[in-house]
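A short worksheet on the structure shown next.
The values are calculated or read from the model by the stated rules, or taken from the named source; none is laboratory data. None of the values given here were measured: they were computed from a predicted structure. Counting neighbours? That spans all protein chains shown, and the Cβs are built from the backbone with ideal geometry, glycine included. SASA here: full protein model, heavy atoms, side chains in, ligands and nucleic acids out. Shrake-Rupley method; radii C 1.70, N 1.55, O 1.52, S 1.80 Å.
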Amino acid sequence: MTFTGPAGTLETPAHLVGTAAPGPGSWMWAWNNVNAFADAVVARAATVRDFGTRFGIPELTSAEVPLRGSARADAVEYAVVAGLVNGGLPHYTAEVGGGTVVAFVLDEPRAALPAPSLVTAVSVIGETLMGGAVLDHRRALEAYAELRGLGLEPAGRDAVLLGPDGRVEVRFDEEDRIVGLEGSLGAGAGAEDGTGTGAGSGAED
């Protein structure tokens, strides 16, 4: 896949994840391979299928899945899942006509995330909770910390998130939902010590 912009041209291997089409109202995984692409093109999607088989996730093992939202939203969601399952690869989606959206993951180290930061982590966690899509807050926090290379230590019912720029106490309620974030962040990271932020009403969703 070739991207062209003001900074020049970037060529990167692209792996087909699948397509979301408003006509049939469904997402189709590339491992179904109705177009007989070379195995290498759909190998990353096949990895997602194998992951779904291992953990019993029907959405990842069914060749075609009904759309839950718009074609674009579903394509992005499945592309994100594919990127995570394949080790944290970036994704790209594009409309290809008739409202159909195709999703890829890219083998491009230059698109990797920057070094982890608790300033960013606090923002990401808060925005994610406000979206109301997370069912298991504690498991999601553990996975996020692992994927981003952040430390996570238990503190009774609560937890402490550790990073290069400080520490953040994550408070849970009796139902294991995140209800507060209280940070002590280094001034070098652009925040004063003692900075705190509440998870807000999104943590109650």
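So which of E192, E182 is farther than 26 Å from A112 by Cβ, outside any helix (DSSP H, G or I) and at pLDDT 75 or above? Only one candidate qualifies: E182. The set of residues in the range 132-146 being over 15 Å from V170 (Cβ atoms) and touching a helix residue (DSSP H, G or I) at 6+ places or on another chain (Cβ under 7 Å) consists of G132 alone. I'm trying to understand the selection: among the residues of the range 44-58, which are farther than 18 Å from V105 by Cα and assigned to a helix (DSSP H, G or I)? Within the range 44-58, T53, R54, F55, P58 qualify. For the residues R49, R68, the requirement of being among the basic types (K, R) and in contact with a Phe, Trp or Tyr (Cβ under 8 Å, 6 or more places away or on another chain) singles out R49. Of all the listed residues (R139, R148), the sole one being at pLDDT below 90 and within 23 Å of N86 (Cα to Cα) is R148. Could you check, for the range 120-136, whether at least one of its residues is assigned to a strand (DSSP E or B) and among the hydrophobic types (A, V, I, L, M, F, W, C)? Taking every residue of the range 120-136 in turn, none turns out to be assigned to a strand (DSSP E or B) and among the hydrophobic types (A, V, I, L, M, F, W, C). Counting the residues of the range 1-37 that are open to solvent by less than 60 Å² (accessible area, probe 1.4 Å) and under 18 Å from D107 (Cβ atoms) gives 10. In the range 46-74, the residues that are over 18 Å from L84 (Cβ atoms) reach residues that are in a loop (DSSP other than H, G, I, E, B) and open to solvent by 50 Å² or more (accessible area, probe 1.4 Å) with C-beta atoms within less than 7 angstrom, at least six apart or across chains, in these pairs: A71/P22. When G98 is tested against (1) surrounded by fewer than 15 Cβ atoms within 10 Å (Cβ to Cβ); (2) in contact (Cβ under 8 Å) with a residue 60 or more places away in the chain; (3) touching a Pro at 6+ places or on another chain (Cβ under 7 Å), only condition (3) is not met.
Of the residues G83, G52, G25, the single one that is within 28 Å of G149 (Cα to Cα), modelled with pLDDT of 95 or more and touching a Pro at 6+ places or on another chain (Cβ under 8 Å) is G52.
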